[in-house]
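The next block holds one structure in the form of structure tokens; read it before the comments.
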Amino acid sequence: MKWFLPFLGLIFFGELFAKYQRLVLRQSPIEANYLIIFAEAIFYGYVFYNIINRVLVKKIIVLFVVVFILFNLITYFVYHSFFYFVPALLIMGLFFTFIALASLYFEFSESDHVSFQKSPNFWLSVGVSLFFSSISVSLTLYNFIHVNRLRIFDISLTNFINRVSSIILYCCLAISIISYKPKSSESLA
């Protein structure tokens, strides 16, 4: 997890930049959102590449990350619109949810003595799959939520779901780091 703190720093500054674009510059935070989505694709691709021991899955991860970033760079520079950003985020979420669940399947099908609560890969996979699943629901229902002005604690339901899912993700990542034992046979990037 040597890249976890730099990843968190990049996400933090990306979120600050998005807030600055939205509140001070009165612009759409599209640049910050693309920066964040690229960082997530690279980081989660790197982490799952190091966790999964299957050569074919590793090749699929590398191919996906490269194609995903190239596609989004092209759509950013050609269209400069959120129209392509949301489907790209949904596709990335679906892919990493699948990879996270495949990682769980591989880990627990290959070993009879792995306990869920002690496995750093379990916590990482659960956090990533819950995060991207809830973000996907939030984005899919975005228009419905905003047309009906659905709110919790005076916060848009979309924002609430995204914040809670981020808290769950980072709690799971923290548990994953805490439960990681460098001398064990478990591999966490």
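Readers should treat all values here as calculations from the given coordinates under stated rules, not as data from a laboratory. Please read all numbers here as calculations on a predicted model, not as lab measurements. Neighbour counts are summed over all protein chains in view; Cβ atoms, including those assigned to glycine, are modelled from backbone coordinates with ideal geometry.
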Task: Filter on LYS2/LYS58; LYS59/LYS181; LYS59/LYS118; LYS2/LYS181 - keep pairs with C-alpha separation over 24 Å - done: LYS59/LYS181; LYS59/LYS118
Open item on the list: Between VAL66 and GLN117, what is 0.36 nm times their sequence separation minus the Cα-Cα distance? Round to one decimal in nm.
Closed with: 15.1 nm
Open item on the list: Once you order the gyration tensor axes a ≥ b ≥ c over the Cα atoms, which shape class does the stretch 62-166 get: rounded for a/c under 1.5, otherwise prolate or oblate by comparing a/b with b/c?
Closed with: oblate
Task: Student exercise, the stretch 12-111 dipole from Lys, Arg, Asp, Glu Cβ charges, in Debye to nearest 20 - done: 180 debye
- [ ] Pull up all non-local amide H partners of ARG151: gap of 5 or more, or a different chain, and H-to-H distance under 5 Å with H placed in the peptide plane.
- [x] LEU157
- [ ] Among ILE161, ILE61, ILE145, determine the one that fluctuates most according to a GNM of the chain built with springs between C-alpha atoms less than 10 Å apart.
- [x] ILE145
Task: Sequence ranges 44-52, 26-34, ranked by mean other-Cβ count within 10 angstrom, highest first - done: 44-52, 26-34
Task: Computed FRET value (nearest 0.05) for ASN53 with SER166, which takes r as the C-beta separation and R₀ as 35 Å - done: 0.75
Open item on the list: Helix 30-51 against the longest principal axis of the chain: what's the angle in degrees, Cα atoms only, rounded to the nearest 10?
Closed with: 10 degrees
TODO: Compute the semi-axes of the equivalent ellipsoid of the chain, taking the square root of 5 times each eigenvalue of the Cα gyration tensor, and list them largest first in whole Å.
DONE: 30, 19, 16
- [ ] Please say if the stretch 1-56 is rounded, prolate or oblate, where rounded means a/c under 1.5 for a ≥ b ≥ c the square roots of the C-alpha gyration tensor eigenvalues, and otherwise the choice is prolate for a/b larger than b/c and oblate otherwise?
- [x] oblate
Open item on the list: Under a Cβ-only charge scheme (Lys and Arg +1, Asp and Glu -1), can you give me the dipole magnitude of the chain about the Cα centre, in debye to the nearest 20?
Closed with: 240 debye
